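The values are calculated or read from the model by the stated rules, or taken from the named source; none is laboratory data. Model, not experiment: these values are computed from the prediction. Because the Cβ atoms are built from the backbone with ideal geometry, glycine has one as well, and the counts that use them run over all protein chains shown.
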Amino acid sequence: MYNDVFSLANKNIIVTGASSGIGRQCAISCSYMGARVILLGRDLDRLNATLGKMDIPSHHMMFAADLIDYEKVKETVEIIVGKIGKIDGLINCAGISTTLPFNMGNPEKMDEYFHANVYSAMNLTRLITRKSIISEEGASIIFISSVMGTVGENCKSLYSMTKGALLAGARSLAIELASRNIRVNCISPGVVDSPMSKSAVYSRNEDSLNKIRGLHPLGLGQPEDVANACIFLLSDASRWVTGTNLIVDGGYTAR
């Protein structure tokens with residue numbers, strides 16, 4: 001029992017944003033824990049690169065899809081289930097980030113970020129949790145939020161709004177879906193060494209980057225740190241965990 005409690009063997013897991021960064025590592029790590037992984041992302045070549053790093057690449061599937069193309073996403077989900085059967089887990093990892101002064105935002109920019117970070121994940125979750133799609137034995141849904149969803153930071157209002165929305169939505173979904181043994185949780189990382197963080201404003205000079213490092217007592221995170229948290233929430237080890245926000249931030253919010 002104790003040797004197998006973190007295993008993902010015989011589970012079908014969908015990972016969005018699987019073409020790079022945290023999403024890529026989640027897909028790789030889940031594959032080595034025994035899951036059959038379905039990779040979703042916009043760039044087929046980068047998804048192929050992810051697949052090449054996974055355990056037994058031929059065991060998994062990948063689909064190039066823009067998650068805000070809602071009709072295409074619906075068709076893709078139906079294809080997935082038709083090929084491999086019902087879904088046991090979903091990691092909503094796809095998203096975009098920005099550092100933008102509040103007065104430079106506008107409704108169009110807000111709409112762009114809510115579509116990318118909130119609507120797309122909630123829509124996919126809505127599709128996956130249909131009785132014809134989700135496993136009858138129950139399932140685990142994960143939203144990758146951020147510490148910015150619970151704490152404030154200069155010029156992060158737009159990004160924070162979207163990540164906070166995931167936290168709020170997940171709590172209510174956890175209550176609504178509990179009777180079907182579908183668990184819903186969030187993971188809130190601090191700054192992780194990934195392509196997204198490397199393109200951030202604070203990575204443009206060493207002084208700014210050192211300041212960010214100093215805010216994390218254990219240093220910046222690695223994609224594996226978030227992937228390991230996902231494995232816990234997908235596995236039977238967390239069967240009594242729902243409606244929570246697992247903070248994985250190297251001590252950022254302890255200050």
Output for the range 220-243, where each listed residue is free of Cβ contacts under 8 Å to residues at least 60 places away in the same chain, more than 18 Å from residue 14 (Cβ to Cβ) and crowded, with 17+ Cβ neighbours inside 10 Å = 220, 221, 225
With (1) outside any helix (DSSP H, G or I); (2) modelled with pLDDT under 95; (3) of a type outside the set (A, V, I, L, M, F, W, C) as the list, and residue 210 as the residue in question, which single condition is left unmet?
-> (1)
Kindly check whether there is at least one residue in the range 169-180 that is of a type in the set (D, E, K, R) and in contact (Cβ under 8 Å) with a residue 40 or more places away in the chain.
-> yes
Residue check for residue 146: in contact with a Ser or Thr (Cβ under 6 Å, 6 or more places away or on another chain), of a type in the set (Gly, Ala, Ser) and either surrounded by 16 or more Cβ atoms within 10 Å (Cβ to Cβ) or under 27 Å from residue 228 (Cβ atoms) (or both) = yes
Matching option when the condition is within 28 Å of residue 37 (Cα to Cα), assigned to a helix (DSSP H, G or I) and at pLDDT 95 or above, among 188, 179, 160 = 179
Checking 173, 167 in turn, the sole residue that is more than 14 Å from the chain's Cα centre (by Cα), of a type in the set (A, V, I, L, M, F, W, C) and either on the phi < 0 side of the Ramachandran plot or assigned to a loop (DSSP other than H, G, I, E, B) (or both) turns out to be 173
Taking into account only those residues within the range 91-106 that are surrounded by 16 or more Cβ atoms within 10 Å (Cβ to Cβ) and in contact with a Phe, Trp or Tyr (Cβ under 7 Å, 6 or more places away or on another chain), which is modelled with the highest pLDDT?
-> 92
From 83, 109, residue being of a type in the set (D, E, K, R), surrounded by 13 or more Cβ atoms within 10 Å (Cβ to Cβ) and in a helix (DSSP H, G or I) = 109
Output for the range 51-64, where each listed residue is part of a helix (DSSP H, G or I) and more than 19 Å from residue 83 (Cβ to Cβ) | 52
Just one of (1) under 20 Å from the mean Cα position of the chain (by Cα); (2) more than 16 Å from residue 164 (Cα to Cα) trips up residue 78, so point out which.
-> (1)
Given the residues 48, 10, which is the only one that is assigned to a loop (DSSP other than H, G, I, E, B) and either under 20 Å from the mean Cα position of the chain (by Cα) or more than 19 Å from residue 196 (Cα to Cα) (or both)?
-> 10
